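Below is one structure, written out as structure tokens, with a few remarks after it.
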Ligand code: ADP
């Protein structure tokens, strides 16, 4: 298939969209509808001239917002719709052509992603109503990690919890890890290589990829496991929950809220979850910001070192996500914490690499890459591939 794909990423009160043309150098119409259902909804985006726009949407819900997005496509009709779906459980090992059976299977995995899958499904239902004749494909955040071997995806818990309740490690950010590892292979000519990838945005995860397959990753049953993130704690002692409940009388909801929304860079610094602000505060000697950056980088390095056990060797490391693409400071600190990896950072190039630009930042030896992620482009690619297979 060789035509535009409308990529939809539907949250509980937002819809991100991008119309991805088949030619990579053609511009994308893209934007974000937010505050849906609040009475103060709005649509922000970029039009075909590259100009930014904002449109008030008032009481709009997901269906109304999608209709407004359709108007903003300026007559460019997509040939297919690709949906980002957070959790595909064990059923979905790759993108799936959407039909009633697939929708029912996504509904069944909602227990594993109660905040995300119902919102994704709301967007899916609205899009199917608006575009009844367009093929729609679900692309799952978890699918790339379905290649994990059992020793990596099982928790050391009683077996019935896995067998009867699906309690295992799934991993997330799969679209991003898949894209940047493939891109690193293409750019370096190291096809089938052994890579570590670090997706560092508001959510953060690391991944070990060999021969194009994910062998282990830092996130688990939920996107809370693993490295410290903007507002998420990442790994804590599993005994913490019982301790907080017994000693402080905290409810499960409160514990969940604190670990997901008040922790990570924000909790450690007492200041912000925004890495730009933390770097500025660190430069003025702010102790909380300094500690937050220290812990953040140490945990990433530790996670990468742990994931290296999944690989037969190491060919290179890729940084992506808002922090990975932009923070020379974080990249340098992480690399310096991994002296046994034999990585040599080119500090000049690292300092000069800017957002939106791919760049190799090593000084020889094992590869170090900064690769801006393109989850929308990857969802469009997987949507096209799935439809080509279906039509073959
Ligand atoms: P999301 O996971 O929501 O898509 P992003 O991938 O955009 O988020 O990453 C957001 C993070 O990237 C924030 O912590 C932000 O401060 C950080 N970031 C963006 N630009 C810079 C920069 N120039 N320097 C350091 N950090 C940056």
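Readers should treat all values here as calculations from the given coordinates under stated rules, not as data from a laboratory. All values derive from a computational prediction rather than experimental measurement. Virtual Cβ from ideal backbone geometry, glycine too; neighbours counted across all protein chains shown.
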Next item on the list: May I ask you to derive the relative contact order of the range 64-164, considering only C-alpha pairs under 8 Å and at least 6 residues apart, and to give it as an integer percent?
Entry: 40 percent
Notebook entry, point to check: Taking other Cβ within 10 Å of each residue's Cβ, how do 309, 10 sort, fewest first?
Noted result: 309, 10
Checklist line | Computed [θ] at 222 nm, deg cm²/dmol, the chain (DSSP H ≥ 4; -39,500 (n - 2.57); rounded to nearest 500) | finding: -11500 deg cm²/dmol
Next item on the list: Return the Cα extents of the range 5-140 along principal axes one, two and three, sorted largest first, each rounded to a whole Å.
Entry: 42, 37, 23
Item checked: Proxy reagent accessibility, fewest Cβ within 10 Å first, across 130, 157, 266 -> 157, 130, 266
Check: Using alpha-carbon positions, what is the distance between the centroids of the range 171-211 and the range 43-86, in Å?
Finding: 29 Å
Checklist line | Antiparallel DSSP beta bridges within the range 5-140, percent to nearest 5 | finding: 75 percent
Next item on the list: Whole Å is fine, so just give me how far the alpha carbon centre of the range 11-28 lies from that of the range 92-119.
Entry: 21 Å
Notebook entry, point to check: Taking other Cβ within 10 Å of each residue's Cβ, how do 44, 302 sort, fewest first?
Noted result: 44, 302
Checklist line | Percent RCO, i.e. relative contact order, over the range 259-387, from Cα pairs under 8 Å lying at least 6 residues apart | finding: 19 percent
Check: For residue 55 and residue 202, FRET efficiency with R0 = 25 Å and r from the beta-carbon atoms, rounded to 0.05?
Finding: 0.50
Next item on the list: Give me the distance between the Cα centres of the range 310-339 and the range 244-283, rounded to whole Å.
Entry: 24 Å
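Given an 8 Å cut-off on Cα distances and at least 6 residues of separation, report the relative contact order of the chain as a percent.
Values: 802 pairs, mean separation 56.2, N = 392.
That works out to 14 percent.
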Note to self: Quick one: the Cα spread of the chain along its three principal axes, in angstroms, biggest first?
What the structure shows: 55, 53, 45
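When the chain is fully extended, how far beyond the present Cα-Cα distance does residue 151 get from residue 253, taking 0.36 nm per residue of separation?
Details: separation 102, 0.36 × 102 = 36.72 nm, distance 3.07 nm.
Taking 0.36 nm per residue and subtracting the Cα distance, the gain is 33.6 nm.
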